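Structure first, then comments.
Derivation of every value follows stated rules applied to the coordinates shown; laboratory data play no part. Note that the structure is predicted; figures quoted are calculated from it, not measured. For neighbour counting, all protein chains shown are included, and Cβ atoms are generated from backbone atoms with ideal geometry for every residue, glycine included.
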Amino acid sequence: MSFIHPLALVGLAAAAIPALLHLLQRRIPPEIDFPPVRYLSVAERESARRLKLRHLLLLILRTALIVVIVLAAARPLVPLRGGGAHQPTAVVIILDNSPSSGAVVDGGLVLDRLRVAAISAVGRTTFADRVWLMLCDGVLRGGGREALLATIDSTHTGWQRLDLVQAVERAARMVNAQPLAGREVHLFSDLQSTALSSSHADVPSGVRVLALAPGRAVANRGIAAVTVSEGAAVIELSGSMAGNGGTPQPVPVTIRLGGERRDRGEVTARGLATPGSDRAGGMPRSAVTVPLPAQSLTPGWWVGEAALEPDELRADDRRPFAWRVAPPAPVTATATAGSFVAAALAVLQDGRRVVAGRDVVISGGEAPTGSHAIVQPPADPALVGQANRALAARGVPWRWTQLGTPGVIASSDLAVLTGVSVVRRYRIEGAASREQGADGVLATVNGEPWLVRSGDVVLLGSRLDTAWTALPAAPGFVPFVDALVNRIVMGEAAVASAEGAPRVEFRTRGADTIGATVFGPDARESDLTPTTTALATSALGGKDRVEVLSAERLAGERFSGTRRSDASGLLLVLALLLAATELGVATRTR
Amino acid sequence: MAQRLDLLDPADVARLGGIEIVAEGVVEGFLAGVHRSPFRGFSVEFTEHRAYQAGDELRYLDWRILGRSDRLFVKQFEEETNLRAMILVDASRSMAWQGAPERLTKRAYADRLAAAVALILLRQRDATGLVTFDEHVRQVVPARVKAGQWTRIVRGLLDTPDGQGTAAHAALQRLTALLTRRGLVVLLSDLLFDRELALTALRYLRHRGHQVVVFHLMDPAEVELSGPPEVRFRDPESSVSVVVRPRELARAYADTVRREIAAWRKACRRHGIGYHHVQTNMPFGLALRLLT
């Protein structure tokens with residue numbers, strides 16, 4: 001219990017007044033002659049018990065009356081579970097307006113539900129409170145109640161993902177630094193399981209975290225990423241299966257090219273992706289490869305957009321992408337490069353994907369020449385040492401060592417390589433540290449580097465010959481050679497991705513376009529599966545500090561740690577009752 | 001019409017003069033309202049019957065009634081002469097108390113009432129005497145009917161100072177030895193002494209054949225307790241004191257006084273003793289009428 005006017009409690013000393021008056025009055029009573037004292041003595045003896053009881057009762061009543069009046073003057077604030085004012089509280093209201101809050105559940109936006117709860121929370125604050133508002137951008141906004149209410153009212157679904165663990169931790173640190181009686185963090189979020197990082201929020205003791213329980217889960221499918229290579233777009237899907245009974249459904253995907261580059265015209269391609277059950281980063285992921293029209297191989301920068309059929313969350317149904325098609329590289333293959341390489345280059349030359357020239361030289365173990373070199377191991381093992389010395393002379397940190405075990409190629413950069421078997425290979429080891437060498441690994445066999453790049457030199461672990469690998473006989477061999485000479489060895493234009501409203505921004509240097517940034521929502525936002533209360537409680541600070549509550553219970557619990565009601569009115573009523581009782585005892589018991 | 005002093009406030013009447021003047025004025029007024037002697041004794045003129053009490057002479061028993069109904073009654077006769085009356089006045093210290101300055105002290109009231117009674121009796125040619133006492137017998141005026149007797153009685157009252165003592169019952173016991181011839185005994189006292197001891201003495205008088213009448217004098221302030229919020233009341237006789245809050249104790253005190261009066265009345269009735277409770281604000285005429 002606390003008091004609005006604690007200094008008034010000094011008046012409690014007045015509670016001794018009745019006892020003091022009693023003692024002082026007893027000290028000097030006037031003396032009067034009165035012959036029938038014997039009658040008095042009899043009367044007093046007969047009434048002694050009643051009088052003592054009366055005196056004690058009156059003393060208690062009068063003392064209690066003064067105490068109650070003084071307490072009422074001090075205006076005590078008593079804890080309440082229901083309504084009532086609360087003590088000054090530092091509170092951060094986290095309104096998670098991340099892209100997932102744009103989902104439509106039961107006919108309404110999730111954000112609308114969160115916004116109503118946040119407005120209610122801000123509305124319960126007083127001028128003595130210190131209130132901040134955090135949106136999905138993670139910025140703590142201070143200000144008056146009206147300003148915060150206006151901000152919440154005008155808040156729309158954002159494009160940034162909010163890591164709830166980090167957000168709660170920051171908010172908790174902020175309120176914990178405030179010298180106020182109460183410290184609370186109110187979290188209004190859809191509590192996606194993907195919004196909770198694997199770490200746990202460090203919430204100081206004394207800080208309460210009240211989280212709004214998530215609503216109903218809905219199914220959603222979104223485009224996580226789009227990459228373009230070798231005339232095809234690889235579209236990765238992400239999302240949650242809730243509501244579909246966990247059964248993957250085919251998802252139609254539409255690719256639209258040149259949407260923002262009208263000078264290139266607009267082409268459309270369609271594909272049907274069946275989500276798989278593989279998971280990446282804790283999310284179910286699937287990918288579909290959609291062949292692009294031939295005109296998309298025209299050299300230059302391309303932009304496109306992948307789109308899904310609209311569902312409950314529209315923010316992730318479209319995602320732009322960009323890529324650069326380099327001009328045909330001038331390529332020469334040495335005699336030791338092999339017949340399969342020569343044949344592939346002939347095909348590419350016919351398709352005007354390469355031209356004759358010496359910018360790129362494909363060799364079979366000789367010292368790399370030309371500005372860009374693609375080097376296969378020598379067919380004669382005795383020449384491996386010589387080839388390694390030549391690579392070292394070129395400044396390449398990689399070298400061939402002994403023969404490796406057969407296996408299957410795995411590559412995330414070159415999809416056409418994945419799954420192709422290798423029967424003979426040299427193990428490639430970095431001359432420098434493993435970490436430095438690992439940066440240039442493009443494909444592996446049995447976890448060991450098979451295709452590496454260092455500057456303008458690319459090394460293969462096997463010769464491009466069917467005696468070494470099945471790749472020359474695979475359908476993807478020509479696209480592989482195309483990617484090798486046009487993209488990998490020549491260096492790719494940097495296409496970065498970032499969170500934000502879906503768009504593509506190009507980076508320029510002078511008149512040249514040197515890169516692009518593709519903006520879109522975080523792929524993790526597509527998974528609308530809410531976390532469990534136990535997980536949320538554990539991740540956001542522990543069960544002794546975190547409560548995940550329904551909207552009604554949260555409304556009752558917020559500020560309850562410091563909620564107080566002015567009990568002075570009640571005390572005044574009690575004082576009146578005591579005064580009436582005192583009057584009754586004083587008059588009716590004579 | 002001239003006012004009758006016997007019906008006025010005693011304090012107002014007392015301001016008219018000394019005991020003699022007051023008593024004479026009271027008696028004049030009182031006698032103007034009656035035509036015959038109010039005091040009944042045993043003479044030749046029959047008036048009524050009353051129940052026999054221990055001490056009554058057997059010669060006055062009504063044998064006819066005894067024979068008819070087997071109940072004891074004595075005949076009463078209107079007194080004509082030869083009534084011997086002795087007036088006993090308590091002069092103890094407690095009698096010198098008054099509850100308010102505008103009222104008479106109990107002693108002053110008793111003196112004036114005694115003088116009036118004596119005057120009435122003497123005018124009827126009854127031998128009347130006076131005894132004043134506190135813890136000792138202070139004044140004794142033997143019962144006579146000769147001229148100047150009333151003056152002697154009044155002087156006896158005036159010559160008796162307010163007493164010092166308290167044990168009045170002891171004096172009462174000694175008085176019984178002085179009252180050898182039976183007659184009327186009138187006791188004027190505040191009865192602030194041991195009731196049983198006093199009753200023993202009075203019962204003895206009654207046993208000796210006296211007709212005994214007790215006037216229990218009380219100041220109105222002794223009946224209804226009042227005073228400051230808290231006060232130490234001290235008994236002027238015994239110096240015993242008690243601290244009380246009059247407002248708290250008023251009801252219990254009043255109950256106690258009522259019980260005490262009732263106890264006196266009951267005890268006196270049981271022994272054939274006349275008992276009258278008189279407050280000092282009662283007009284003398286009303287008090288005298290109690291004797292009739």
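Brief remarks follow.
- Fluctuation leader among B:Val140, B:Val231, B:Val223 - chain B, Gaussian network, Cα springs under 10 angstrom: B:Val231
- Least to most buried among A:Ser462, A:Ser565 (fewest other Cβ within 10 Å first): A:Ser565, A:Ser462
- Partners for B:Lys266 among aspartates and glutamates (Cα-Cα distance below 19 Å; same-chain residues under 8 apart left out): B:Asp190, B:Asp194, B:Glu196, B:Asp255
- Peptide B:210-222 shows a mean partner chain C-beta count of 1 within 10 Å per residue C-beta.
- Nonlocal amide H pairs with A:Trp450, under 5 Å, H built at 1.01 Å: A:Leu442, A:Ala443, A:Thr444, A:Val445
- Near the amide H of B:Asp134, within less than 5 Å, lie the amide hydrogens of B:Ala91, all on another chain or at least 5 residues away, with H placed in the peptide plane.
- Across chain A, the relative contact order, built from alpha-carbon pairs under 8 Å that are at least six residues apart, equals 19 percent.
- Pair-distance distribution of the stretch B:119-201: all C-alpha pairs, bin width 10 Å, starting at 0; shares per bin in whole percent are 17, 47, 30, 5.
- Taking the C-alpha atoms only, the angle from helix B:168-178 to the longest principal axis of chain B is near 20 degrees.
- Farthest toward positive dipole pole in the stretch A:139-183 [+1 Lys/Arg, -1 Asp/Glu at C-beta], among A:Ala177, A:Gly143, A:His156: A:Ala177
- Footprinting exposure proxy for B:Ile21, A:Ile66 (fewest neighbouring C-beta atoms within 10 Å first): B:Ile21, A:Ile66
- Note on A:Lys52: no lysines have a C-alpha under 29 Å away, same-chain residues under 8 apart excluded.
- Quotient of C-alpha Rg and 2.2 N^0.38 Å, computed over the stretch A:347-488: 0.97
- Residue-by-residue Karplus 3J(HN,Hα) for the stretch A:410-427, coefficients 6.51, -1.76, 1.60, Hz, glycine and proline x: 10, 8, 8, 7, 10, 5, 5, 7, 4, x, 7, 7, 10, 9, 9, 6, 9, 6
- Volume per residue of the C-alpha convex hull in the protein assembly as shown, rounded to whole Å³: 324 Å³
- Considering only alpha-carbon pairs that sit under 8 angstrom and 6 or more positions apart, the relative contact order computed for chain B is 21 percent.
- Between 0 and 90°, nearest 10: helix A:37-74 axis offset from chain A longest Cα axis: 30 degrees
- Net charge dipole, chain B: roughly 860 debye, given to the nearest 20, about the Cα centre with Cβ charges of +1 for Lys and Arg and -1 for Asp and Glu.
- Shielding by other protein chains, A:48-55, mean Cβ within 10 Å: 1
- Theoretical FRET efficiency, 1/(1+(r/R0)^6), r = Cβ-Cβ of A:Ala128 and A:Ala580, R0 30 Å, to 0.05: 0.25
- Shielding by other protein chains, B:256-268, mean Cβ within 10 Å: 2
- Cut-off under 5 Å, modelled amide H: who pairs with A:Leu133 long-range: A:Ile93, A:Arg141, A:Gly142
- Here the relative contact order of the stretch A:347-488, from alpha carbon pairs under 8 Å that lie six or more residues apart, stands at 23 percent.
- All other residues whose Cβ lies under 11 angstrom from that of A:Thr405 are scored, Lys and Arg at +1 and Asp and Glu at -1, for a net of +2.
- Using alpha-carbon coordinates, inclination of helix B:106-123 to the longest axis of chain B, degrees: 20 degrees
- Residue-wise HN-Hα coupling along the stretch B:128-139, computed from phi with Karplus coefficients 6.51, -1.76, 1.60 (Hz; x: Gly, Pro): 10, x, 9, 10, 10, 7, 10, 8, 10, 6, 9, 9
- The calculated P(r) of chain B, using every Cα pair and 5 Å bins from 0, goes 1, 5, 11, 15, 18, 16, 13, 9, 5, 3, 1, 0, 0 in percent.
- Here the Karplus curve 6.51 cos²θ - 1.76 cosθ + 1.60, taken at θ = phi - 60°, turns the phi angles of the stretch A:519-530 into couplings of 9, x, x, 4, 4, 5, 5, 6, 7, 8, 5, x Hz, with x standing for Gly and Pro.
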